[in-house]
Each structure stands twice: as structure tokens, then as C-alpha cells.
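J.: The structure's right below; bear with me while I get my questions together.
The values are calculated or read from the model by the stated rules, or taken from the named source; none is laboratory data. For clarity, every value in this text was computed on a predicted model and none was experimentally measured. Note that each Cβ is placed from the backbone with ideal geometry, even for glycine, and that neighbours are counted across all protein chains shown.
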Amino acid sequence: MTLEGGCACGAVRYKLTNTPLIVHACHCRDCQRLSGTAFATNIWIEDKFVEPGPTAPASFRLPGGSGQPHDVFFCQRCGTTLWSRYHPVPWALFVRAGTLDEPNAVKPDLHIFTRSKLPWFELPAGARAFDTFYKLDEVWPADSLERRRIARSE
């Protein structure tokens, strides 16, 4: 699987060269604020499978909801947020699915931090949802857990 994407003005481009480990619809306040809407759809993928184009995004650091640092990467020209890196998982990026050229290529596997979900947004029938986060070993498919194990050991 190869997916391509970029910012609104086209200055920053990237390519995903593997399938996502998992796709979250995150309803935390940080994602609401950064996306400017009800939630962000984040593709969790190893950073080695995100090939940036010739123009690198800029970044800034925020404290995440857990208090741990959270780096946000964006286009310096148009301000589009492209991905985040959460310091507890330094080997991964959380790519904003809305920046894909074909954003319909992925859909959320689950919804997280629904405790701060906006009341007017209704989760799809049958959607897997968690008030906060979840235990990866109880949710992720075996192949994603194996990829995580490998990434953490590299």
C-alpha cells in the first residue's frame, strides 16, 4: 500500500509506504483544537514508512493531555497540520488522514477519548469507542502488534 498526501498549498508532500498500524478518530481536546473540528483522524504508522518530500515540515512542541511532550508538524507556508509525534512512542507518527490525496483510503478503526466528544456528534452504529485510551494488546491485530514490537526494538 502506498498513499500520498500533503499540505493545502502543496509545498510539503509525503508518501506512506506501508499500511497503518491502526487508525484513530481522536476526540481529545488537543485534536479538536488542532483540527478545528470535532475530532482528528490519525493514521498511526512507523516513522520509517513516512517518506517526506523535498520540503520538510516545521514543528512545535505542546504538552499532551498526559503531560508528555507532543510534537506537531505543519507546513510553514499554509499552516496545515500533517502529523504528530507523541514522545511515549518515538518510533511512530500520527498522520492526519485528511491530508491524504485520497482521504477515503482509510477509515477509523476506533474512536478514542470520547469522554470529550462533542455532544452533537453521534458515533457510527457499532463503532468501537473508548472513553480515554485502551490497551494495545487487547485491541490491535496481531500483525500490528508484531510491527510495533519490531519498531520498538530497532
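J.: Going through 99, 2, 41, 17 one at a time, which residue ends up being under 28 Å from residue 142 (Cα atoms) and without any contact (Cβ under 8 Å) to a residue 24 or more places away in the chain?
T.: It is 2.
J.: In addition: Could you identify the single residue in 84, 35 that is over 21 Å from residue 136 (Cβ atoms), surrounded by 14 or more Cβ atoms within 10 Å (Cβ to Cβ) and under 12 Å from the mean Cα position of the chain (by Cα)?
T.: 35
J.: Checking residue 104 against (1) touching a residue at least 40 places away in the same chain (Cβ under 8 Å); (2) surrounded by fewer than 22 Cβ atoms within 10 Å (Cβ to Cβ), which single condition isn't satisfied?
T.: Residue 104 satisfies every listed condition except (1).
J.: A follow-up question, please. So which residues in the stretch 128-140 are in contact (Cβ under 8 Å) with a residue 60 or more places away in the chain and part of a loop (DSSP other than H, G, I, E, B)?
T.: Within the stretch 128-140, 140 is the sole residue that qualifies.
J.: Could you list, in sequence order, all residues of the stretch 107-127 that are surrounded by 13 or more Cβ atoms within 10 Å (Cβ to Cβ) and on the phi < 0 side of the Ramachandran plot?
T.: Passing the criteria: 108, 109, 110, 111, 112, 114, 116, 117, 121, 123, 127.
J.: Does residue 102 satisfy the criteria of being more than 16 Å from the chain's Cα centre (by Cα) and either over 15 Å from residue 20 (Cβ atoms) or modelled with pLDDT of 95 or more (or both)?
T.: Criteria not met by residue 102.
J.: May I pose another question? How about the stretch 63-82: which of its residues are in contact (Cβ under 8 Å) with a residue 40 or more places away in the chain and outside any loop (DSSP other than H, G, I, E, B)?
T.: 70, 74, 81, 82, listed by residue number.
J.: Count, please, the residues in the stretch 83-123 that happen to be part of a strand (DSSP E or B), over 10 Å from residue 43 (Cα atoms) and β-branched (Val, Ile, Thr).
T.: Of the residues in that region, 1 qualify.
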